Every structure is written in C-alpha cells, then in structure tokens.
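Enquirer: Let me give you the structure first, and then I'll get to my questions.
The values are calculated or read from the model by the stated rules, or taken from the named source; none is laboratory data. The structure presented is a predicted model; accordingly, all values stated were derived computationally and were not measured. For neighbour counting, all protein chains shown are included, and Cβ atoms are generated from backbone atoms with ideal geometry for every residue, glycine included. Heavy atoms of the whole protein, side chains included, go into the accessibility calculation; ligands, DNA and RNA do not. Shrake-Rupley method; radii C 1.70, N 1.55, O 1.52, S 1.80 Å.
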Amino acid sequence: PAAIRVVDEARTRWVRESEDDSGERRGRILDTARALFAQRGFEATTIREIADEAGIQAGNLYRYFPSKDAMVAEILSRFSDRLLVAYRDVIAAGSSATETLEAICWLLDQAGRHFTREIEILKGPTRMLSLGVGDHYRKGAAARYAMLVGLIERGVASGELNDLADPALVASCVREIM
C-alpha cells in the first residue's frame, strides 16, 4: 500500500538527515548531547561533558548553543517535527483507513527503532519538560494524536473500522501499545 511506502521513505529520510547533521560541528554537538542525555539523563549531563565528548572547549560550545536546555529543546523539536511530517505524509497517501492505521503503527515501530535516544530522553524525569524545553514536542504530539483520532473516526464512519470504543480511547491505546 502507498501508506507503507511513505513510511519506508520517511525512514530513509531520517537516516539521510542524521548523516547530514553529523557532518557539521553543530550536528556533532547535538548528536553527542543526544547520546549523553539518553545514557546519563538530562539533569546528570553537564555542558563540560558534552564539550569534552564532542572534542571542543566548553566555551566554544556556547557559540553554538546558549544552554543545555536549548540543546534538548532542539533535539526534541527535530524528533517531533520529523514524526509530524511522516504522520501527515502517511495520512495524505490516500490509502484506506485500515491501511493507513497499519502504516501509522509501522511508522511508530520504525520511529522507535530510529529515535531510541530521543525516546530515552523523554522517559527521563519530567522536570526537564516542566522547564518548557518540551513545549514544541508536546504540541507536535497533540497534533499527531488529533490526526490519529481523526483517522479512526473516518474509519468508523466509513465502516472500515468497528465502533468498539471512543476513537480518542482507541488512539490512546494505539500510541501506548506502540
């Protein structure tokens, strides 16, 4: 189905974008921060550790990012934006509701494999998100959730999906399972 091809294209795009990002100093710093935040936690990771692992002076790191919060905000924003684009592309592929829902599940599986570090960061203490660094991510998550609810509603209305429960509850269950 077209929606599954869109997921495969998104996965290929994510790999290419990651390779492109790691080729520049700013991208290498973000990749280092992503790895350390996922491994040690956002709170436990220091600017000095990020700079040391990235092979630059801590003072030079501030030329690229004003703070650790700015780094994690960009990491989570990129993650959210990439997922949101992929969701929109899958839904716009013109497949049936059932095929689109299957593709969304495949998308979430592939995102879980590709964005393991981002997911580990999100599993960390919520203090980081309460600082506002996750606002962009939360907005993207809300938009993705609304698209999933809309897809399920359309599937129920067309008779492709059974009306077993409130579409919002079904969407929540799909996200939790994946």
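Enquirer: Any chance you could get the radius of gyration and Dmax over the Cα atoms of region 85-178, in Å?
Expert: Here Rg and the maximum Cα pair distance are 14.5, 44 Å.
Enquirer: Quick check: the angle from helix 68-92's long axis to the longest principal axis of the chain, C-alpha only, nearest 10 degrees?
Expert: 20 degrees
Enquirer: Let me ask something else about it. Is there a quick way to get the dipole size of the chain? I mean about its Cα centre, with the Cβ of Lys and Arg at +1 and of Asp and Glu at -1; what is the value in debye to the nearest 20?
Expert: It comes to approximately 540 debye.
Enquirer: A further question follows. Hey, what did region 70-178 get for relative contact order, percent, Cα under 8 Å, at least 6 apart?
Expert: This gives 39 percent for region 70-178.
Enquirer: Give the angle, between 0 and 90 degrees and rounded to the nearest 10, that separates the Cα long axis of helix 2-22 from the longest principal axis of the Cα atoms of the chain.
Expert: 0 degrees
Enquirer: Post the alpha-carbon centroid distance, region 64-122 to region 22-60, in whole angstrom.
Expert: When both Cα centres are located, 22 Å separates them.
Enquirer: Per residue, how big is the convex hull of the chain when only Cα atoms are used? Give it in Å³.
Expert: Measuring per residue, one finds 105 Å³ for the Cα hull of the chain.
Enquirer: Next question. So if I restrict to the alpha-carbon atoms in region 2-41, what is the Rg, and what is Dmax, the biggest pairwise distance, in Å?
Expert: Answer for region 2-41, Rg first and Dmax second: 13.3, 40 Å.
Enquirer: Separate question: Less than 10 Å Cβ to Cβ from Ala103, Lys/Arg counted +1 and Asp/Glu -1: what total charge do the surrounding residues give? Walk me through the numbers before you get to the answer.
Expert: Details: positive: Arg5; negative: Asp8, Asp89, Glu99, Glu102.
That works out to -3.
Enquirer: Right, next: Putting +1 on Lys and Arg Cβ atoms and -1 on Asp and Glu Cβ atoms, find which of His114, Asn60, Ala3 reaches farthest to the positive end of the dipole of region 1-129.
Expert: Highest projection toward the positive end goes to Asn60.
Enquirer: So, one more: Given N residues in region 13-108, what is Rg(Cα) / (2.2 N^0.38 Å)?
Expert: Rounded to two decimals, the normalised Rg is 1.35.
Enquirer: Rounded to the nearest 10 degrees, what's the angle between the helix 97-114 long axis and the longest principal axis of the chain, both from Cα atoms, 0 to 90?
Expert: 20 degrees
Enquirer: Can I ask one more? Using a 1.4 angstrom probe on heavy atoms only, work out the carbon and sulfur share of the accessible area of region 4-111 in %. Walk me through the numbers before you get to the answer.
Expert: Details: 2320 of 5110 Å².
C and S fraction of accessible area: 45 percent.
Enquirer: Enter the accessible area per residue of region 46-178 (Å², integer; probe 1.4 Å; all protein chains in place).
Expert: Per residue, region 46-178 has 52 Å² of solvent-accessible surface.
Enquirer: Figure the gain on full extension for Ser96 and Leu164 (residue separation times 0.36 nm, minus the Cα-Cα span) and round it to one decimal in nm. Please list the in-between numbers first.
Expert: On the way: separation 68, 0.36 × 68 = 24.48 nm, distance 1.86 nm.
In short, 22.6 nm is gained.
Enquirer: In whole Hz, what ³J(HN,Hα) sequence does region 142-149 give by Karplus (6.51, -1.76, 1.60; θ = phi - 60°), x for Gly and Pro?
Expert: 5, 5, 5, 5, 4, 5, 5, 4
Enquirer: Place a label point 7 angstrom from the Cα of Gln110 along the Cα-to-Cβ direction, then list the residues of region 1-34 whose backbone nitrogen is under 15 Å away.
Expert: 1-18
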